[in-house]
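First up is the structure itself, then whatever we jot down about it.
The values are calculated or read from the model by the stated rules, or taken from the named source; none is laboratory data. Keep in mind that what you see is a predicted model, and the values were worked out from it rather than measured. Every residue, glycine among them, receives a Cβ derived from its backbone with ideal geometry; neighbour counts consider all protein chains shown.
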Amino acid sequence: MISIRLKIVLNCFTFFSGIVGAAALYGVVPEGKRGDLGTPKHALDVTAAGAFGCELVLTFLLMFVVFACTDPKRHHYGYEAALAIGVCVAVGNVMGVNETEVLLSSK
(Lines give C-alpha, C1' and ligand atoms only; values in the text may rest on other atoms or scores of the structure.)
Protein backbone atom coordinates (compact mmCIF):
# COMPACT_ATOMS: atom_id res chain seq x y z
CA MET A 1 0.00 0.00 0.00
CA ILE A 2 1.29 3.44 -0.89
CA SER A 3 1.45 5.87 2.00
CA ILE A 4 -0.09 9.33 1.78
CA ARG A 5 3.31 11.04 1.90
CA LEU A 6 4.66 8.92 -0.94
CA LYS A 7 1.52 9.62 -2.99
CA ILE A 8 1.92 13.39 -2.45
CA VAL A 9 5.59 13.20 -3.45
CA LEU A 10 4.74 11.19 -6.57
CA ASN A 11 1.99 13.62 -7.57
CA CYS A 12 4.32 16.59 -7.12
CA PHE A 13 6.97 14.82 -9.16
CA THR A 14 4.46 14.14 -11.94
CA PHE A 15 3.30 17.77 -11.92
CA PHE A 16 6.80 19.25 -12.07
CA SER A 17 8.05 16.74 -14.63
CA GLY A 18 5.16 17.81 -16.88
CA ILE A 19 6.27 21.43 -16.56
CA VAL A 20 9.88 20.50 -17.32
CA GLY A 21 8.78 18.45 -20.36
CA ALA A 22 6.66 21.33 -21.67
CA ALA A 23 9.55 23.76 -21.21
CA ALA A 24 11.91 21.39 -23.03
CA LEU A 25 9.45 21.04 -25.89
CA TYR A 26 9.02 24.81 -26.04
CA GLY A 27 12.78 25.22 -26.23
CA VAL A 28 13.22 22.61 -28.98
CA VAL A 29 10.43 23.74 -31.33
CA PRO A 30 11.41 26.67 -33.58
CA GLU A 31 9.71 29.98 -32.76
CA GLY A 32 7.85 30.14 -36.06
CA LYS A 33 6.19 26.74 -35.44
CA ARG A 34 5.05 27.28 -31.84
CA GLY A 35 1.70 28.90 -32.71
CA ASP A 36 -0.84 26.30 -31.52
CA LEU A 37 1.58 23.94 -29.84
CA GLY A 38 -0.26 21.85 -27.26
CA THR A 39 -3.69 23.40 -27.75
CA PRO A 40 -6.59 21.08 -28.49
CA LYS A 41 -8.40 22.09 -31.67
CA HIS A 42 -10.34 20.44 -34.43
CA ALA A 43 -9.35 20.23 -38.09
CA LEU A 44 -10.21 23.19 -40.32
CA ASP A 45 -12.90 21.36 -42.30
CA VAL A 46 -14.63 19.90 -39.21
CA THR A 47 -17.20 21.83 -37.19
CA ALA A 48 -17.12 21.95 -33.41
CA ALA A 49 -20.21 19.73 -33.28
CA GLY A 50 -18.57 17.19 -35.60
CA ALA A 51 -15.41 17.15 -33.48
CA PHE A 52 -17.50 16.70 -30.32
CA GLY A 53 -19.42 13.85 -31.95
CA CYS A 54 -16.20 12.13 -33.02
CA GLU A 55 -14.74 12.42 -29.52
CA LEU A 56 -18.01 11.19 -28.02
CA VAL A 57 -18.11 8.06 -30.20
CA LEU A 58 -14.43 7.26 -29.67
CA THR A 59 -14.72 7.71 -25.91
CA PHE A 60 -17.84 5.55 -25.82
CA LEU A 61 -16.05 2.78 -27.70
CA LEU A 62 -13.07 3.00 -25.35
CA MET A 63 -15.29 2.82 -22.26
CA PHE A 64 -17.24 -0.08 -23.78
CA VAL A 65 -14.01 -2.03 -24.29
CA VAL A 66 -12.69 -1.17 -20.82
CA PHE A 67 -15.90 -2.26 -19.11
CA ALA A 68 -16.10 -5.42 -21.22
CA CYS A 69 -12.51 -6.32 -20.41
CA THR A 70 -12.80 -5.67 -16.69
CA ASP A 71 -16.08 -7.53 -16.21
CA PRO A 72 -15.50 -10.09 -13.45
CA LYS A 73 -17.87 -12.57 -15.11
CA ARG A 74 -15.60 -12.85 -18.13
CA HIS A 75 -12.51 -14.97 -17.79
CA HIS A 76 -9.54 -13.27 -19.41
CA TYR A 77 -6.15 -14.90 -19.38
CA GLY A 78 -2.79 -13.20 -19.50
CA TYR A 79 -2.68 -9.90 -21.28
CA GLU A 80 -5.97 -10.14 -23.21
CA ALA A 81 -7.58 -7.18 -21.43
CA ALA A 82 -4.53 -4.94 -21.70
CA LEU A 83 -4.09 -5.83 -25.36
CA ALA A 84 -7.74 -5.12 -26.17
CA ILE A 85 -7.68 -1.75 -24.41
CA GLY A 86 -4.35 -0.82 -26.02
CA VAL A 87 -5.60 -1.71 -29.50
CA CYS A 88 -8.77 0.31 -28.89
CA VAL A 89 -6.73 3.36 -27.83
CA ALA A 90 -4.41 2.98 -30.83
CA VAL A 91 -7.30 2.68 -33.30
CA GLY A 92 -9.13 5.57 -31.63
CA ASN A 93 -6.06 7.78 -31.88
CA VAL A 94 -5.49 6.90 -35.53
CA MET A 95 -9.16 7.54 -36.36
CA GLY A 96 -9.60 10.66 -34.24
CA VAL A 97 -6.42 12.56 -34.96
CA ASN A 98 -7.50 13.29 -38.52
CA GLU A 99 -10.85 14.71 -37.41
CA THR A 100 -10.22 16.47 -34.14
CA GLU A 101 -6.41 16.61 -33.89
CA VAL A 102 -6.92 15.49 -30.27
CA LEU A 103 -5.81 12.10 -29.06
CA LEU A 104 -7.64 9.89 -26.60
CA SER A 105 -6.10 10.53 -23.22
CA SER A 106 -6.08 8.71 -19.93
CA LYS A 107 -6.87 11.86 -18.01
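Observations, loosely collected:
- The single condition from (1) out of contact with any helix residue (DSSP H, G or I) (no Cβ under 6 Å at 6 or more places or on another chain); (2) assigned to a helix (DSSP H, G or I); (3) under 20 Å from Val94 (Cβ atoms) that Leu58 fails is (1).
- Which listed residue is in contact with a Ser or Thr (Cβ under 7 Å, 6 or more places away or on another chain), of a type in the set (A, V, I, L, M) and at negative phi, from Ala51, Ala68: Ala51
- If you go through region 35-67 and keep only what is touching a residue at least 12 places away in the same chain (Cβ under 8 Å) and more than 28 Å from Gly21 (Cα to Cα), you end up with Val46, Gly50, Cys54, Leu61, Val65, Val66.
- Residue ID - modelled with the lowest pLDDT, chosen from residues in region 21-40 that are of a type in the set (A, V, I, L, M, F, W, C) and surrounded by 10 or more Cβ atoms within 10 Å (Cβ to Cβ): Leu37
- Flag if Leu44 is part of a loop (DSSP other than H, G, I, E, B), modelled with pLDDT under 85 and touching a helix residue (DSSP H, G or I) at 6+ places or on another chain (Cβ under 8 Å): no
- Screening Asn11 against (1) modelled with pLDDT under 90; (2) in a helix (DSSP H, G or I); (3) surrounded by 10 or more Cβ atoms within 10 Å (Cβ to Cβ) leaves a single unmet condition, (1).
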